[in-house]
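Structure first, then comments.
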Amino acid sequence: MNAAPAGLTLKPRFSARLAAILAGAHLAALAALSFPGIPLGLTLGGAFAVAASFVYFWRRDLTRSGPTAIQRAEWDAEGAWTLWDARGRRFEARLLEDRFVHPQLVVLNFALNGWRRRRLVLDRPALDADMHRRLRMRLNVQRAEAPTPWAERIRRFRVGVER
């Protein structure tokens with residue numbers, strides 16, 4: 001007999017591995033701007049854009065201190081998500097289908113009311129090992145149980161052909 005899934009509370013912490021990946025990607029972008037032949041104005045503008053991107057993602061995904069950073073997420077037993085941002089605001093959210101689930105990394109995309117979206121990036125060190133495993137298991141079970149639009153179309157087509 002299957003027990004109802006318990007709710008999950010995610011409180012991500014700083015991840016040195018994600019910080020190294022973020023720094024490496026931004027350093028590679030800065031290195032690409034240093035090739036000869038690129039005009040100085042374009043190089044300086046690109047360097048400013050790369051630096052601004054680094055600060056934005058550092059605050060949002062690593063220190064979780066940016067205004068749109070998710071500091072806590074709760075997934076209750078009924079499947080509803082509640083998010084808290086760095087300002088302490090609470091949001092009811094809907095998990096979007098374009099999520100990424102891997103043993104080393106989980107990226108969750110949420111829709112808030114209206115057009116607003118939020119993303120929660122969780123690599124393995126950002127959560128306790130058990131919590132990361134439970135999150136991945138529950139996400140995989142939810143995806144397996146949810147019918148996809150194309151699967152429904154295939155089923156209807158097959159039923160129509162077999163008649």
Inspect the stretch 3-20 for any residue being under 30 Å from ARG143 (Cβ atoms) and without any contact (Cβ under 8 Å) to a residue 40 or more places away in the chain and give the result as yes or no. yes
Test: residue in the stretch 138-146 that is closer than 20 Å to LYS11 by Cα, touching a residue at least 24 places away in the same chain (Cβ under 8 Å) and in a loop (DSSP other than H, G, I, E, B): no
Within the stretch 55-63, is even one residue in contact (Cβ under 8 Å) with a residue 12 or more places away in the chain, of a type outside the set (Lys, Arg) and not in a helix (DSSP H, G or I)? yes
Of residues in the stretch 67-85 being at pLDDT below 90 and over 14 Å from the mean Cα position of the chain (by Cα), the one surrounded by the fewest Cβ atoms within 10 Å (Cβ to Cβ): GLU78
Suppose we keep only residues that are under 13 Å from the mean Cα position of the chain (by Cα) and farther than 16 Å from ARG134 by Cα within the stretch 100-114. Which one would you say is surrounded by the fewest Cβ atoms within 10 Å (Cβ to Cβ)? ALA111
Scan the stretch 1-52 for residues that are of a type outside the set (A, V, I, L, M, F, W, C) and outside any loop (DSSP other than H, G, I, E, B) and jot them down. THR9, ARG17, GLY24, HIS26, GLY41, THR43, GLY45, GLY46
Can you name the condition, by its number, that ALA69 falls short on among (1) touching a residue at least 40 places away in the same chain (Cβ under 8 Å); (2) among the hydrophobic types (A, V, I, L, M, F, W, C); (3) touching a strand residue (DSSP E or B) at 6+ places or on another chain (Cβ under 8 Å)? (1)
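The values are calculated or read from the model by the stated rules, or taken from the named source; none is laboratory data. Fair warning: this is a prediction, and the values are worked out from it, not measured in the lab. No Cβ is skipped: glycine too gets one built from the backbone with ideal geometry, and neighbour counts run over all protein chains shown.
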